[in-house]
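Here's the structure, in structure tokens; my notes come after.
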Amino acid sequence: MAVSSPIYPSYSSCHHLSSKDSNFNAKGKKLPTIHKIYPFSLLQRSPFLKVDFSSQWGRRESSKFSISAAVTSKEYSLDGALENTQLPKGDCWSVHKFGGTCVGTSERIGNVAEIIIADQSARKLVVVSAMSKVTDMMYDLIYKAQSRDDSYLTALDAVLEKHKLAAVDLLDGDELASFSSKLHHDINNLKAMLRAIYIAGHATESFSDFVVGHGELWSAQLLASAVRKNGVECSWMDTREVLVVNPTGSNQVDPDYLKSEERLEKWYSNNPSKTIIATGFIASTPQNIPTTLKRDGSDFSAAIMGALLKARQVTIWTDVDGVYSADPRKVSEAVILKTLSYQEAWEMSYFGANVLHPRTIVPVMQYDIPIVIKNIFNLSAPGTMICRSSGDEYEDGQKVESLVKGFATIDNVAIVNVEGTGMAGVPGTASAIFSAVKDVGANVIMISQASSEHSVCFAVPEKEVKAVADVLESRFGQALSAGRLSQIAVIPNCSILAAVGQRMASTPGVSATLFTALAKANINIRAIAQGCTEYNITVVVKREDCVRALRAVHSKFYLSRTIIAVGIVGPGLIGATLLDQLKDQTAVLKEKFNIDLRVMGITGSRTMLLSESGIDLSKWRELLSLKGEMADLSKFVHHVRGNHFIPNTVLVDCTADARIASHYYDWLHKGIHVVTPNKKANSGPLDQYLKLRALQRQSYTHYFYEATVGAGLPIISTLRGLLETGDKILRIEGIFSGTLSYIFNNFAGSRAFSQVVKEAKEAGYTEPDPRDDLSGTDVARKVIILARESGLHLELSDIPVQSLVPEPLRDCASAEEFMQQLPQFDQQLAKQRQEAEDAGEVLRYVGVVDVVNGKGTVELQRYGKEHPFAQLSGSDNIIAFTTERYATQPLIVRGPGAGAEVTAGGVFCDILRLASYLGAPS
């Protein structure tokens with residue numbers, strides 16, 4: 001990897017801090033005192049290292065360091081005098097940490113060397129992990145040896161070969177010979193040690209730590225040699241000689257900063273260098289016994305060294321561009337966070353986010369040393385800086401929009417609920433519960449208790465829940481028998497979702513926004529916890545809902561794309577037109593409005609097409625024909641809703657089928673949104689309609705049906721707007737049928753009624769059988785819908801309908817037969833038209849909702865030629881709202897009321913309205 005420009009600016013000065021001024025940073029700022037400087041004492045070899053298995057690294061490297069010091073002393077000389085080798089501290093130091101992936105191959109080690117050389121900082125300390133997979137290989141050696149598996153010898157040869165090949169690729173000459181000699185020496189020592197473990201059948205923790213730590217020793221030596229090969233003098237550090245830690249009982253260690261600083265000063269006095277390559281992960285106990293820093297130990301090493309040096313910055317090099325707002329494997333719209341406060345990083349790392357172990361942050365916090373997460377495979381990415389929050393709401397001159405910085409999840413969690421009236425007001429109950437949990441070594445991830453003290457619930461890893469439940473039932477058996485505790489219940493298959501952000505504190509509405517987003521995605525919350533710092537809100541949800549929950553809340557706070565899984569039922573005239581409109585607008589909606597509508601399925605009465613990622617709408621007809629399968633509505637619904645990566649689902653019913661409409665209640669109950677132009681549900685049996693609307697009102701599931709009345713005209717929304725703003729509806733009157741509007745707009749002069757109907761049919765304005773339009777049933781359904789929206793409880797049978805189908809023709813066998821016989825009945829309507837014309841009026845087929853009298857009608861009426869209804873053209877609809885506010889001059893809504901384009905457009909508008917309600921910017 002070629003690096004053409006420095007990564008960091010050059011620092012020309014470095015501060016030599018003595019014990020007197022070590023409590024101040026480079027800028028003169030007073031810093032917390034964590035230790036004092038004491039005279040050095042000679043480092044003692046541990047009793048462990050006195051055995052024949054001791055590594056020669058420390059013993060033979062001492063001469064190397066002495067030579068290095070002699071060479072570099074010329075660089076630090078002033079007027080011929082040797083410079084004091086006291087350890088300088090301050091902003092001149094930059095600390096880098098490279099993980100196992102970064103040094104996984106010889107090529108990558110070479111790339112790391114180039115990055116180190118390109119860093120123009122005055123002084124650099126580089127912490128390096130073992131080569132990729134080596135730590136696992138070393139643990140495997142111990143496991144095989146203590147299991148008395150002879151294959152440990154073969155596995156050790158694989159370790160030797162891996163490092164030998166890397167050395168041959170990277171080094172040559174004396175450097176290669178020196179490394180190879182030391183590598184073989186250590187391998188021989190390890191072979192003898194593993195033989196002892198094999199015989200004993202057991203490895204102590206000290207033995208294991210000593211064996212495992214060799215991976216870091218080898219990678220650090222390889223990297224140091226690679227840097228020197230490029231002409232840059234550097235020293236390498238076995239951090240077991242410097243870092244002193246005290247093991248604790250919780251598989252952690254506490255750094256001893258006092259002794260570590262003493263040893264670092266001593267080490268540097270013998271090995272002064274501007275570039276130091278240090279081993280990560282390994283350290284020593286106060287008794288000089290080798291140990292490790294446990295989980296994420298290399299990051300921890302870098303932070304400790306950064307604190308000891310009072311470094312300007314600690315850079316953690318990894319294989320991602322920075323810290324994401326959510327796991328990008330689960331949320332593709334996750335963004336890289338430019339900055340995180342120490343507290344935010346702390347919270348997110350606890351929840352398993354790809355950040356740092358919480359303990360890594362502690363050492364640098366004391367000195368306000370920023371940590372930068374960088375991608376070694378993408379040097380141009382700015383990365384994420386973790387630093388003390390300034391409280392500023394602006395980054396790069398732009399206001400930070402999201403109050404929540406990031407979201408993290410923990411899977412495979414179980415909830416334990418201890419409940420009983422005997423708990424209330426009884427001191428020590430919680431202590432007894434968690435003492436029992438501690439006894440089985442379980443990790444409590446989250447705790448929640450209501451102020452009633454009636455129950456305490458907490459989350460533990462699912463693999464530990466059985467032991468927890470057993471110990472609680474044993475410990476509280478008497479309380480359960482006596483009824484003081486009613487139950488100890490376990491809720492398995494849970495996940496934890498945490499929202500983290502420092503700006504959440506004291507900001508009203510964050511919890512409301514979070515919970516609303518989850519509710520709209522139809523996700524139930526099992527438990528909630530929030531600390532008084534307000535930096536973190538934690539909820540427990542079903543494991544199967546975790547990804548949908550994560551995507552729903554991320555979309556809400558980050559205004560990332562609102563993704564909706566769409567299922568189209570009925571790819572007929574309206575459905576097909578809608579699909580074509582979606583195809584034409586999909587890219588625009590994504591780019592300009594952050595709305596991602598993914599059609600996951602299309603089903604007709606016979607064939608359906610399903611897709612896991614979204615159907616290519618440019619060829620949906622072809623795909624439905626070639627790859628369609630037998631239609632199965634239940635399977636279709638399950639598939640469209642089944643993608644856990646998409647939090648919201650909508651089914652769009654473009655049919656006129658009452659059977660499909662009968663499923664709406666079940667779909668809404670399952671959290672599936674419904675959009676439809678199908679009138680059957682809202683004009684069907686009153687009890688079913690009321691049940692449907694009640695469900696809609698009490699849930700966050702949406703049911704939109706604007707296109708059921710007036711196609712694409714805003715009839716329903718206008719009516720609701722009037723009602724919701726407190727107006728009172730008196731009368732709704734309108735021409736609701738585009739077909740009948742066209743017929744009576746053209747039924748003038750000497751034209752016969754049958755001739756106009758035939759013309760309308762040929763133009764595509766009527767149903768295949770014109771009797772479906774002329775019967776008035778469609779208008780009656782629209783009247784019922786508006787009546788019910790206005791508060792009237794009417795059935796379809798309560799609406800008197802004047803049918804325009806002559807009674808003798810109602811039972812015709814076919815539409816063709818009906819059209820052939822219709823001219824026989826032209827005279828009656830011609831007479832009515834003439835009478836209207838003689839009176840200066842026109843005929844119009846209208847529906848009326850008389851709210852005052854609680855009734856509705858559908859009939860042919862006459863209107864003066866100055867009336868708005870008389871001035872229509874084509875297939876326009878017109879609706880007049882007479883209300884208390886609009887009593888003398890009705891509110892008129894007029895426009896195209898028929899045709900696939902406008903009806904599909906109305907459905908499309910409802911889908912976009914749904915997207916807006918679900919979080920898309922409007």
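One table, with the values for the structure above:
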| item | result |
| --- | --- |
| Solvent-accessible area of M819 with every protein chain in place, 1.4 Å probe, in Å² to the nearest 10 | 40 |
| Accessible surface ranking that places the most exposed of E544, E817 first, with a 1.4 angstrom probe | E544, E817 |
| Length released on extending from K728 to A505, taking residue separation times 0.36 nm less the Cα-Cα span | 75.9 nm |
| Solvent exposure, largest accessible area first (probe 1.4 Å, DNA, RNA and ligands not counted), of R641, R788, R862 | R862, R641, R788 |
| Estimated FRET transfer efficiency (S380, E161; beta-carbon r; R0 35 Å; 0.05) | 0.50 |
| The chain - percent relative contact order, Cα under 8 Å, separation 6 or more | 8 |
| Sparse-neighbourhood loop sites, GluC sites (Glu not before Pro) in the range 835-891 - DSSP loop, at most 14 other Cβ within 10 angstrom | E866, E884 |
| Rounded to the nearest 10 Å², the accessible area of C909 at probe 1.4 Å | 80 |
| Cα convex hull of the chain, projected area averaged across orientations, nm² | 52.2 |
| Nearest-0.05 FRET efficiency for S613 and E114, computed from C-beta distance (R0 56 Å) | 0.90 |
| DSSP-assigned coil residues among trypsin sites (Lys or Arg not before Pro) in the range 279-326, each with at most 15 further Cβ atoms within 10 Å | R295 |
| Partners for K679 among lysines (Cα-Cα distance below 29 Å; same-chain residues under 8 apart left out) | K520, K583, K635, K670, K691, K728, K758, K761, K782, K855 |
| Between the range 579-617 and the range 880-922, the alpha-carbon center distance in angstrom | 23 |
| Per-residue [θ]222 nm for the chain (sum of -39500 (n - 2.57) over DSSP H runs n ≥ 4, rounded to 500) | -12000 deg cm²/dmol |
| Net +/- balance of residues flanking Q889 in space, Cβ distance below 15 Å, scoring K and R +1, D and E -1 | -1 |
| Inter-part distance where the range 746-787 and the range 283-306 are each reduced to a Cα centre, Å | 85 |
| Pairwise centroid distance, computed over Cα atoms, of the range 700-736 with the range 497-552, Å | 35 |
| Cα-projected label distance for N288 with L153, points at 7 Å along beta-carbon direction, nm | 3.4 |
| Qualifying trypsin sites (Lys or Arg not before Pro) for the range 476-584 [loop in DSSP, other Cβ within 10 Å: at most 16] | R484 |
| With every protein chain in place, the range 106-253: carbon and sulfur % of accessible area (1.4 Å) | 48 |
| I199 versus S699: modelled label distance in nm, points set 7 Å from Cα along the beta carbon direction | 7.2 |
| Overall form of the range 490-577 per C-alpha gyration tensor (a/c, 1.5; a/b vs b/c) | oblate |
| C532 - accessible surface, heavy atoms, 1.4 Å probe, Å² rounded to 10 | 130 |
| Solvent-accessible surface ranking, highest first, for V227, V426 at 1.4 angstrom | V426, V227 |
| Chain lengthening between S206 and Q86 when straightened (0.36 nm per residue, less Cα-Cα) | 39.9 nm |
| Gain in span if fully extended, D254 to S797, counting 0.36 nm per residue against the direct Cα distance | 187.4 nm |
| Cubic angstrom per residue, convex hull over Cα atoms of the range 805-849 | 103 |
| At R0 = 45 Å, FRET efficiency that the Cβ-Cβ distance of A482 and I528 yields, to 0.05 | 0.90 |
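The values are calculated or read from the model by the stated rules, or taken from the named source; none is laboratory data. Just so it is clear, the model here is predicted, and its values are computed rather than measured. Please note: Cβ atoms are built from the backbone with ideal geometry, for glycine as well, and neighbour counts cover all protein chains shown. The accessibility values were calculated without ligands, DNA or RNA, using every heavy atom of the protein model including side chains. Shrake-Rupley method; radii C 1.70, N 1.55, O 1.52, S 1.80 Å.
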